Amino acid sequence: MSKILIRGAKVLGGEPQDVLIDGGTIAEVGSGLSAEGAEVVEAEGKVLLPGLVDLHTHLREPGREDSETVLTGTRAAASGGYTTVFAMANTFPVADTAGVVEQVWRLGKEHGYCDVQPIGAVTVGLEGRKLAELGAMHESAAGVTVFSDDGKCVHDAVIMRRALEYVKAFGGVVAQHAQEPRLTEGAEMNEGVVSAELGLGGWPAVAEESIIARDVLLAEHVGSRVHICHLSTAGSVEIVRWAKSRGIAVTAEVTPHHLLLTDELVRTYNPVYKVNPPLRTERDVLALREALADGTIDIVATDHAPHPHEDKDCEWAAAAMGMVGLETALSVVQETMVDTGLLDWAGVADRMSFKPAQIGQAKGHGRPVSAGEPANLTLVDTAYRGSVDPAGFASRSRNTPYEGRELPGRVTHTWLRGKATLVDGKLT
Amino acid sequence: MQRHLISAADLTRDDAVLILDTAEEMARVADRPIKKLPTLRGRTIVNLFFEDSTRTRISFEAAEKRLSADVINFSAKGSSVSKGESLKDTAQTLEAMGVDAVVIRHGASGAPYRLANSGWIDAVVVNAGDGTHQHPTQALLDAFTMRRRLIGPDAGIGQDLDGKRITIVGDVLHSRVARSNVDLLHTLGAEVTLVAPPTLLPVGIETWPCEVSYDLDSTLPKSDAVMMLRVQRERMNAAFFPTEREYSRRYGLDGDRMARMPEHAVVMHPGPMVRGMEITAEVADSDRCTVVEQVANGVSIRMAVLYLLLGGNEPAVTQTRTEEK
């Protein structure tokens, strides 16, 4: 592998520096570095970040290759500046055995756009009744460390307790999709003023908050760590803040869409806004931003959830829940967190690379941009502004809530261990 | 007036009064020996019913036929829909056959809105009830019935319901009738009070333009009209209330309670009634109960709506009178 000199990039948003990549490693960081024998990437004015890490991606393969495959999903990830994605377990068949997680892991390796770290199911078939073979998945080639029934809540308190305890044996973490199932029967959108008017089934904030409260207390009781997926309400923020102040080992993620969009959009009955957990209120959005800024919420995770066109081109009730997010995540974070002054680029690197890699134990990812580290890097043109055009997505699906919306920032280059996966905004 | 009728909230006061006035003209047609107008001759209207509903469909059908429209009835059962065809494909198929208007009843809230706003079809869309969202022609026929009873068929022309006190009782949570009525009655200047057990009121109701009460008895003496909503017995199983008897005792309308209403006040019900649950037979069969009138008024209102949406440029009734001479 040849040398690449990234010239004049603002590393983590700081002073312009040159970064020399040699092979798969960052060889040198400094000013006025020699370009001899190196391919030069002029990066003046751009921000260089560690390769982004997404702890929450749905790649859909195996089983729903009509919406996404490991190939199209990792191409979308590279387009969005990601060098690692954690693939959720709700595939068909469910990723609840060593065989399935190894298959997904191997496909990611073969395609080479982005490292794929499979997440294992907590319970067999995501049914919440019987623990899956968590140890076998951990010991497989995929080396699973994160377990989640995402899409469904591990609602049985005893099963959740056992899972939290069991994964301690090999340092795993359970990522909870917090949704009390009885309180959300027939739920279609956030329960509140808008749902009352639209006549859509309500998804109350308390259904999320009650599970988070229970699970942080369980984690405390058994001395485990717990991760909360896609936290979406101001109340959840308060509970996590309280738990952290008490020393409980809890981490939490927020999605880009929950940082930007509110349930007012549901008035259009356009299912592109149908997602689980649902879009909440302005008050929740502001609380989530603040919590991400002060560290109560640790990371941004996309919950990239591709669906074929026909599953969104229908009436609200019939539509699938979820939105694609890998290719717009960084822009939304710039819009909601950086351009609002809540977070600087070092903070973005922390929330979208360092911390998620740490929570998921993604080796070689989420590392500082300094000599000797693996060359997993993302270059962002932060001055760019443009409207989102789903036709240009690398993802197989187009179910974005941002179509036509003007957003800032554009990932121009992504390097995975020194190999360019994205150059001038084009996949290699 | 907007091109479609999706929600009662889309109607201005003047739109609504125009519809009520037009319905009054239509009602006079119903008193003639020949009840038919040529207004929508050559127009095709499809009644697209994804939910079982005999009375609403028949009411629309009668209205369409009295306006001389060609009528196609489409019910989802046994059709391509039960074989998995999407709403979009069904609608496009019908439009390809040259349909001018689609009257849609659908179990999913927002389905008519999607049909009107997704670029799937060009036809005029009339909402005949969607999920727990809206049922605008029901609200219009209710307002029409109130205006006739509380002001008078002739005296009411050009009038709204300013200052009338309307009480709506029952399962507001699951009721598109309640939502539509609150919107329309508010637009028409009426004061609306919703009465229900707290379990049958939606979270978020505090922003609605109405009062909310848990106590029926204190509300009745202050009501010009009391509208009873159907309460399905199955709600009991989902713990919305303990038993049918307890519901009836606290929120049902019987003779004793009716006696507390002012003498001029009427009892309304959108039907179908569950006798012995929200309303006793004594009340349902009394002169103060307008259930049967509401059905008749429903045809007039639907004629008015279809006329205004599809043929509004030409006079509806006056022209016919000329022809009759």
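Mind listing the Cα extents of chain A along all three principal axes, in Å, largest one first?
In descending order, the Cα extents are 65, 47, 43 Å.
Show me, bin by bin at 10 Å from 0, the whole-percent P(r) of the protein assembly as shown based on Cα pairs.
Result returned by the calculation: 3, 13, 20, 20, 16, 13, 9, 5, 2, 0, 0.
To the nearest 500 deg cm²/dmol, what mean residue ellipticity at 222 nm is calculated for chain A from DSSP H runs of n ≥ 4 alone, each contributing -39,500 (n - 2.57), summed and divided by the residues? Please list the in-between numbers first.
Values: 12 runs with 110 residues, N = 428.
Computed mean residue ellipticity for chain A: -7500 deg cm²/dmol.
So if I place +1 on the C-beta of Lys and Arg and -1 on the C-beta of Asp and Glu, and nothing else carries charge, what would the dipole magnitude of chain B be about its Cα centre? I want it in debye, nearest 20.
On the way: 38 positive and 44 negative charges, 124 e Å.
Result for chain B is approximately 600 debye, rounded to the nearest 20.
If the cut-off is 17 Å between C-alpha atoms, which lysines fall inside it for residue A:312, apart from same-chain ones fewer than 8 positions away?
Candidates past the 8-residue exclusion: A:274, B:88.
In debye, nearest 20, what is the charge dipole magnitude of region B:1-68 about its Cα centre with +1 on Lys and Arg Cβ and -1 on Asp and Glu Cβ, if you could check? Intermediate values should be presented prior to the final figure.
Working: 12 positive and 11 negative charges, 90 e Å.
So the dipole magnitude of region B:1-68 works out to roughly 440 debye.
What's the exposure ranking of A:415, A:345, A:105, A:242, going from fewest to most Cβ atoms within 10 Å?
A:242, A:345, A:105, A:415
Between 0 and 90 degrees, rounded to the nearest ten: what's the tilt of helix A:234-245 against the longest Cα principal axis of chain A?
The helix A:234-245 is inclined about 70 degrees to chain A.
When Lys and Arg each count +1 and Asp and Glu each count -1, what net charge do the other residues less than 15 Å away from residue A:61, Cβ to Cβ, add up to?
That sum, taken over residues with Cβ under 15 Å, equals +1.
Spin-label point model (7 Å from Cα, Cβ direction): what's the residue A:310 to residue B:28 distance in nm?
5.3 nm
Taking other Cβ within 10 Å of each residue's Cβ, how do A:153, A:229 sort, fewest first?
Fewest-to-most ranking of A:153, A:229: A:153, A:229.
What chymotrypsin sites (Phe, Trp or Tyr not before Pro) does region A:128-174 have in DSSP loop regions with at most 12 other beta carbons within 10 Å?
For chymotrypsin sites (Phe, Trp or Tyr not before Pro) across region A:128-174 that sit outside H, G, I, E and B with at most 12 neighbouring Cβ atoms in 10 Å, the list is empty.
Return the inverse of the average 1/r over all pairs of distinct C-alpha atoms in region B:136-294, which is the Kirkwood hydrodynamic radius, in Å to one decimal. Could the numbers behind the result be given before it?
On the way: mean 1/r = 0.0643 Å⁻¹.
Kirkwood hydrodynamic radius for region B:136-294: 15.5 Å.
Can you tally the net charge around residue A:35? Count Lys and Arg as +1, Asp and Glu as -1, for every other residue whose Cβ sits under 11 Å from the Cβ of residue A:35.
Values: positive: A:3, A:7; negative: A:18, A:36, A:39, A:42.
Surrounding charge for residue A:35 is -2.
Just to confirm the filter: which GluC sites (Glu not before Pro) across region A:262-295 are DSSP coil and have at most 12 other Cβ within 10 angstrom of their Cβ?
Counting only loop positions with at most 12 other Cβ atoms within 10 Å, none of the GluC sites (Glu not before Pro) in region A:262-295 qualifies.
State, as an integer percentage, the relative contact order of region A:51-360 based on alpha-carbon contacts under 8 Å between residues 6 or more apart. Provide the component values of the computation, followed by the final result.
Numbers: 686 pairs, mean separation 52.5, N = 310.
It rounds to 17 percent for region A:51-360.
Could you point to the residue in A:384, B:141, A:318 farthest towards the positive end of the protein assembly as shown's charge dipole, with +1 and -1 charges on the Cβ of Lys/Arg and Asp/Glu respectively?
B:141
Enumerate the amide H contacts of residue A:61 below 5 Å, restricted to partners 5 or more residues apart or on another chain; note that Pro and chain-start residues carry no placed amide H.
The list, which skips near neighbours in sequence, is A:70.
Explain nothing, just the number: dipole magnitude of the protein assembly as shown about its Cα centre with +1 on each Lys and Arg Cβ and -1 on each Asp and Glu Cβ, in debye rounded to the nearest 20.
Numbers: 77 positive and 102 negative charges, 210 e Å.
Around 1020 debye, computed over the protein assembly as shown.
Using only Cα atoms, find the angle between the long axis of helix A:205-222 and the longest principal axis of chain A, and express it within 0 to 90 degrees, rounded to the nearest 10.
Once rounded, one gets 80 degrees.
Over 27 Å between Cα atoms: which of A:46/A:426; B:35/B:77; A:3/A:109; A:152/B:77 fall into that group?
Values: A:46/A:426 17 Å; B:35/B:77 32 Å; A:3/A:109 23 Å; A:152/B:77 32 Å.
Beyond 27 Å: B:35/B:77; A:152/B:77.
Can you find, among A:135, A:164, B:175, the residue farthest towards the positive end of the dipole of the protein assembly as shown? Put +1 on the C-beta of Lys and Arg, -1 on that of Asp and Glu.
So the residue furthest toward the plus end is B:175.
Name the residue farthest towards the positive end of the dipole of region B:136-294 from the options B:220, B:236, B:273, assuming +1 on Cβ of Lys and Arg, -1 on Cβ of Asp and Glu, about the Cα centre.
B:236
FYI, it's all coordinate maths here, none of it is from the lab. Since this is a predicted model, take the numbers as computed values, not measurements. Note: ideal-geometry Cβ built from the backbone for every residue, glycine included; neighbour counts use all protein chains shown.
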